[in-house]
Structures are given as C-alpha cells and as structure tokens.
Amino acid sequence: MRASLLVYGVNKLAECITSRDNAKIKYACKLAQSAAFRNQEKSFLAEGLKLCPELAKGCPLKVIYYTEKALAKSPELESLPGEHYLVQPHVAEKLAQVDSSQGVFAVFGMPEPGWETVASVSAQKQGGARFLALERVQDPGNVGTLIRSAAAFGFDAVLLSDGCASPWSPKTLRSSMGAAARIPVLEVGSMAQAVQKLRDLGVLVLAAALYNSVELGAQPVQPGPGGLCTVIGSEGQGLSEETVRACSKAVRIPMSDRVESLNAGVAGSVLLWQFRGEC
C-alpha cells in the first residue's frame, strides 16, 4: 500500500507502515521507553494532535507518523516539516503511550541549551532574568507542570539536577504541553554547583524550604544584577542541605495549619507567580 505524503511542501510517495515490527516503529518506541536511549540519540518521541505541532515550533521535527483518521481530522499536519508516514491503526497502538490515542506521533531532535544561554540572558535582560531550578523532582507530572508554569510566567530557563524526571519523557511532555519547546531546559548535574554558577553571574538564588526560612512577604526580595532563581526540591525530601547552604536565602509560602505542605508542582507555581517579573 502506498500513500501520498507532503514533505517540505513537495508531494512525495512513501510507504504506509503496516507492520508493528517495522524498524522505524521500534526505534520510536525505544525513544519513548528509555531516557538513556533518548540522550544517546539526542531525540525524543511525542504524541498528540496538538502537542506535536506545538513542539515543532521550537524543536527540529525529524519524522511524523499519523493514521488516516488523524490526517482527515487535521489535514494541516501535512504542512509540518520532516519525513511523513501513514501508519495503520494497529501500528499506532504500539506507538501510543495513552489509552485514548489521537493517532499522531513525531520524533524530534532534542534541544541542547548550555550555560552560555543562562549567562547571556542574565547579562542582557532588562529588569533581570528569571530562572527556575528543580532538584531531584522525580514525578514527571510535577516537572512538566513546572516547566509549563515557568513558560507561562515569563521565566527565561529551567535547570534540572540529576535525579529529576526527564523533560523529554512522554509523561513530562504531556504535562508540559510543549512548553519545553518555548523555554530553554538545561540538565545541569549537581544543583549545589549550578547554584554557585548562578550566584557567580549575579543571580539571587532563593531556596524553597519549610525550615530556617523567611515567609514570602515578610521581607522585600530584590533580584541580583543577574536576576533571580527559585529552587524547588522533591516532595519527599525537599532540597538537599548542600543546595540550601549554596543559595542566597531560603523562603517559604505562608499556609494555614490545616496542611503540612504543598506538592512540588503547586508550591513551585505559587513561587513562580510571586517572582514572575515582566512576562
């Protein structure tokens, strides 16, 4: 079976993939399942009728797969770059990471912003740069939510330590709704060392901590000449002592005694709004 496809605006014939054992399908599935393989290939798999076009705005689209039903519903998919393949429904089922799949899947190149991005924004942004840093936040839903909130509130970059959920895993991508394509996301290794680098750039770094901290609003917070960074830890353990010591100061969200704490996604979003600067 053959299908007419649109690749870079030129009609081109390409096979309709009918086998679940097709090498391209196996490759895409491995990207979805293995963070190590994603990092090796510098690529990731995304799924969704809205998510894939959104990611294509900021990430290089290599290959896109869709069912005939999905293409009939959204013919604009043909205008996206990259290699295009139709897949039969049973092949789409193998690619799907959710029960109610929309029949659209794409392999993207992974953006790799470095410290030069942080340094450049910190030095040049009028009014001060804004950064979010996450230490050992393992839940993909929280990592995705916080990347999305950081983009929504005008932050300039997100820094992830070792032990954080991958920003390019299927669950994180669904939670962030493509926000990782609109804001630089750096995987920085040791958070304490990353904090020191930020402070060397003149960034005021605030640790979110329940103890030995100042309530928001109790004292004015003045960003440093390089901007401001909020550091959030995991729900279970919070920030490491080493990271808290490395930060400029520690802050906490004032709460009633009816709850002990907020989850990382909620607490982080509150802090992002508080320190949003100019969106």
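What follows is calculated from the coordinates using simple rules that are stated; it is not laboratory data. Treat the numbers as computed from the prediction; the structure is a model and nothing was measured. Cβ sites come from the backbone with ideal geometry, for glycine too, and all protein chains shown count toward neighbours.
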Rounded to whole angstrom, the alpha-carbon centroid of the range 193-272 lies from that of the range 161-180 at a distance of 21 Å
Of the convex hull enclosing the alpha-carbon atoms of the range 2-109, the direction-averaged projected area in nm² is 6.2 nm²
Taking Lys and Arg as +1 and Asp and Glu as -1, residues besides Gly163 with C-beta under 12 Å from its C-beta add up to -3
Assertion target for Leu134, Leu80, Leu239, ordered by fewest C-beta neighbours within 10 angstrom first, is Leu80, Leu239, Leu134
Of all DSSP beta bridges with both partners in the chain, the antiparallel percent, nearest 5, is 40 percent
Using alpha-carbon coordinates alone, the radius of gyration and Dmax of the chain in Å work out to 20.9, 68
Counting only DSSP beta bridges with both partners in the range 168-279, the antiparallel fraction in percent, to the nearest 5, comes to 15 percent
Cross-link reach from Lys249 to lysines, straight Cα distance under 16 Å and at least 8 residues apart if same chain, gives Lys197
Other residues with Cβ under 11 Å from the Cβ of Gln237 give, with Lys and Arg +1 and Asp and Glu -1, a net charge of -2
Taking Cα pairs closer than 8 Å and at least 6 residues apart, the relative contact order of the range 122-279 in percent is 31 percent
In terms of the alpha carbon gyration tensor, root eigenvalues a ≥ b ≥ c, rounded if a/c is under 1.5 and otherwise prolate when a/b exceeds b/c or oblate, the range 120-191 is oblate
Shape descriptor, the range 76-212: equivalent ellipsoid semi-axes (Cα gyration tensor, sqrt 5λ, whole Å, largest first) stand at 33, 17, 12
If one compares the long axis through the Cα atoms of helix 23-33 with the longest principal axis of the Cα atoms of the chain, the angle in degrees, nearest 10, works out at 20 degrees
Per-residue Cβ contact counts at 10 Å, fewest first, order Tyr66, Tyr85, Tyr27, Tyr211 as Tyr211, Tyr27, Tyr85, Tyr66
